[in-house]
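The values are calculated or read from the model by the stated rules, or taken from the named source; none is laboratory data. Small disclaimer: the values here were computed from a predicted structure and weren't measured. Cβ placement follows ideal geometry from the backbone for every residue including glycine, while neighbour counts extend to all protein chains displayed.
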C-alpha cells in the first residue's frame, strides 16, 4: 500500500500539483501527520507527505527474498601472493608499469596465484592484450575463468589470439648498444658506471627511457648495489632527479621480486 | 523570588534548545518575575545548572583558573574577563549575573559557552577581584536591563527562572538567580541565525515551486537551476544543504528512476528546512543533528572538550567520495567492546592528502570524541593508548538484523545518506543486480561499485563477514573480513587529484 501511495505521489510530482492534486494518504502514521499538521496548499501537502513517506520507506528497510548463492570456483592449491604484494602491484601499476609483466611472471614462477582481490583489476587491465590477459589468467588460476563467467567485462577483447611462446617470457625492451653490455656485467661495474654517468651529468633526462629499460631488465642480483650507488650521486648534479627516480625503480624491483618468493 | 521545577545542581539538565544564541525556555520551567538588582555570589552548583550539556562543563573546568584570564573583575551586577587560549586575540567574555545575560566573542554556538561557564566558576569560587566594569561588560548589562524593561512592559510575568530545587538538600544561598537569559545578545550569531532562517525559508519556497510546476519541468535538467539555489544557500550559510542540492543536479535524467530519487531527496530537504526553522523546539541531540546537517560547524576544541569514548576501535571500512571539489574520506570504526559505530572524516582539496593514520583491518585502543547529535557518529581521535594491531574477532550480523540497524539509525536521523553495517552474507546475482544474501533475505548492492568484483573474488561466492555502507540506492561493499586478513574494497579517491599537487 505504501509503495502504491509513493508511486502516486511520484506521478503527481512529475505532473506538478498545479495540474493534479496529491493523493490522500493511507490510514496510519502518514494520515495522522496530515491531520496533526495540516498544510494550506496542495504543493505543501505533497512535500509534507513526500518527506514523511521517504523516511518511512528508508527506516522500514526490509530484505528481499533470499537468493541462491553461486557455485564456487575449483580450488587452487597454490598460495596467494601476500597482502603486501597487492600494495606493491598497485605501486608498480601507478609508478613503474614497465615492471608489471615481470611481477606477474615472478608470481607464477614462484608457484603463487594472484591474491583474489587482484584478479579483477589485473584481468580488466589487460583485456585488450591477448598475451598479457592469458598470462594473467594463468596467474589467477580457476578463479580467473570463474570471474569472467560472472563478470564478462573481464574477458579478453583482443582480436588476435595470444602468442603462446611469449607467455613465459618477458617482452624485450628497447636498449641502446652502449648499455647492452651492462645487462650482464658484474654488479659493481654497473653501479660504478651509472653512478659516474649521473654524477657527471653525462647521463641525463634524455637517457631516462633507456636507463629505465636497463634497470627493468638487468640481472636482479645487481639491483641493490646499483640502487645504493645511485643513492650516493652528488646532490648538486643536474641529474639528481633522474638518479632519485632510478634508485626508486631499482629498490622497487628488488622489493617486489623478494616479496613474491615463497618463504 | 519563587523557584521550583528547577534543574538540580550538578545534574545534567538541558535547560534550553538553542541555535546560535537564540534560546527558548522549555515548558518545564517556572516563569516568574525576574528581580533586577544586586545579587550575592553564586554557588558553584548554580553554575553547573547553567551548563547546556555536561561536555560544556568539562570544557570549562580547565579554563576556570586565574592564569587563563586577563583583566578579570566583577561588581554587584556583572563578571567579566579576557580568556587567553588558542586564538591570537583573547576572547572577551562578560556575564550579567543578575539578569543572566552572556556575551562572549568566541565563535561557539553553545550558549553559554565554556568561557562564560569558566568565568562564572572562577567568580563563584571567589577568585575574581572586584573592579570597574569595562565597556564590553557594561554593554552586556545595559542590553540586559533594556531587554528586561521591554519584556516587563510587554509581559509582566515572563522571565524563565529555574532555580535550585529546595528539596535537594543543598544550601543554595540567599539568592537564587535566574539561570538563563531569554536571548543571547551576541549580535553576530543572531545575524547568522537570521541568514540561515531566511535561507531555509527560501529553500522551502523553491521546493514548493518545484512540486507545483512538476519534476518534468525542463528547467530541472539544467545545472544552473540547481547551482543558483546552491549558491544562495551558501550565502545563507547553510552549506550542508547546498551540497545536497548540487548533488541532485547530476541525478536528473541519469537513470530511468531518477524522478523517484530526486523526489525522495526533495522530501529530505523539506524535512531539514522545516526542522531547521524549528530548531529551538527540538530535543537538544536532534537539534544538534539538524544543525550539523544544514551546515553549522562545531569547533574541534569544543568536541575535544567532551567526554571521551574509549574502546578498542576496529577500522571496519573506508570510503572515498568526491564532493564538489573535495575528496572526502570516511573511516568507519566499531568499538570492540561497545559495538558502537563511529565515523572519522578527512578532507583533501586538489594536491592535498587524505588521512592515512588508520588502516582498514587494524584496531586501535584510543579515546574518541563524538560530535553532538542524535546518532553521534562523527568523531575526532584523541589519545591513542597503544599502537594499531590487526583487528580480530570481526562479528557480522544477519541481513535482517542489518535492516533493523539501518532502520533505527534512519529513524534517529532521517536525512542520513549512509550508515555502516557488518553482515555475514554472500554476493549473489538476482536478475540483473548483484545482492548480498543469506538465509533470511537479500539486499541490493549499488550497481557500478568497483568493490563488487573484488568482493566476489575474495568470497568466491561464499558467505563472509563484509562491512557495507547503506545508502538509499543500495549497499556499497567496503571491506571483506577474511579469516587471515581484511580486504579493502571501498571506493578510492582519484590518485591524480590527490597527488598532483
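Under the condition of being out of contact with any helix residue (DSSP H, G or I) (no Cβ under 6 Å at 6 or more places or on another chain) and in a loop (DSSP other than H, G, I, E, B), which residue from segment A:176-194 is surrounded by the most Cβ atoms within 10 Å (Cβ to Cβ)? Ranking the candidates gives A:185 first. Set side by side, the residues B:455, B:498, B:482 differ, and just one is touching a residue at least 40 places away in the same chain (Cβ under 8 Å) and outside the structural domain of residue B:248 (by TED's automatic domain parsing), which is B:498.
Checking each residue in segment B:199-223 for being in a helix (DSSP H, G or I), without any contact (Cβ under 8 Å) to a residue 12 or more places away in the chain and in contact with a helix residue (DSSP H, G or I) (Cβ under 9 Å, 6 or more places away or on another chain) picks out B:208, B:209, B:212, B:213, B:219.
So that you can scan it fast, the table gives a plain yes or no per residue for (1) buried (at least 18 other Cβ atoms within 10 Å of the Cβ); (2) touching a helix residue (DSSP H, G or I) at 6+ places or on another chain (Cβ under 6 Å):
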site: A:75; (1), (2): no, no
site: A:92; (1), (2): yes, yes
site: A:105; (1), (2): yes, no
site: A:115; (1), (2): yes, yes
site: A:133; (1), (2): yes, no
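Of the residues examined, residue B:245 is one that is closer than 24 Å to residue B:321 by Cβ and either buried (at least 18 other Cβ atoms within 10 Å of the Cβ) or in the same structural domain as residue B:111 (by TED's automatic domain parsing) (or both). Restricting segment A:145-162 to residues that are part of a helix (DSSP H, G or I) and out of contact with any strand residue (DSSP E or B) (no Cβ under 9 Å at 6 or more places or on another chain), which is surrounded by the fewest Cβ atoms within 10 Å (Cβ to Cβ)? Top of the filtered list is A:152. Under 6 Å between Cβ atoms, at least 6 apart or on separate chains: pull out the pairs that start in segment A:1-24 with a residue that is within 9 Å of chain B (Cβ to nearest Cβ) and end on any residue that is in a loop (DSSP other than H, G, I, E, B). Note: pairs meeting the criteria are A:12/A:20; A:12/A:22; A:13/B:215; A:14/B:214; A:14/B:215; A:14/B:216; A:15/B:214; A:16/B:214. Taken over segment A:94-103, the residue count meeting the criterion of being in contact (Cβ under 8 Å) with a residue 60 or more places away in the chain and either loosely packed, with under 15 Cβ neighbours inside 10 Å or not in a helix (DSSP H, G or I) (or both) is 2. Scanning segment B:456-468 for residues that are out of contact with any helix residue (DSSP H, G or I) (no Cβ under 9 Å at 6 or more places or on another chain) and either over 19 Å from residue B:330 (Cα atoms) or surrounded by fewer than 24 Cβ atoms within 10 Å (Cβ to Cβ) (or both) returns B:462, B:463, B:465.
Of all residues in segment A:196-206, how many are within 34 Å of the chain's Cα centre (by Cα), part of a helix (DSSP H, G or I) and crowded, with 18+ Cβ neighbours inside 10 Å? Total satisfying the criteria: 1. Against the criterion of being at pLDDT below 95, over 20 Å from residue A:69 (Cα atoms) and within 7 Å of chain A (Cβ to nearest Cβ), residue B:491 does not qualify. Just one of the listed residues (B:440, B:431, B:451) is within 11 Å of chain A (Cβ to nearest Cβ) and on the phi > 0 side of the Ramachandran plot, namely B:431. Of note, residue B:486 satisfies the criterion of being under 21 Å from residue B:333 (Cβ atoms), within 10 Å of chain A (Cβ to nearest Cβ) and over 30 Å from the mean Cα position of the chain (by Cα). Being under 24 Å from residue B:198 (Cβ atoms) and modelled with pLDDT under 90 is a property that residue B:280 has.
Out of the residues in segment A:31-73 meeting the condition of being under 30 Å from residue A:113 (Cβ atoms) and in contact with a helix residue (DSSP H, G or I) (Cβ under 7 Å, 6 or more places away or on another chain), tell me which one is nearest to the other protein chains (Cβ to nearest Cβ). Looking at the filtered set, the residue picked out is A:70. Would you mention how many residues in segment B:246-264 are free of Cβ contacts under 8 Å to residues at least 24 places away in the same chain and either part of a helix (DSSP H, G or I) or within 16 Å of residue B:225 (Cβ to Cβ) (or both)? So the answer is 6.
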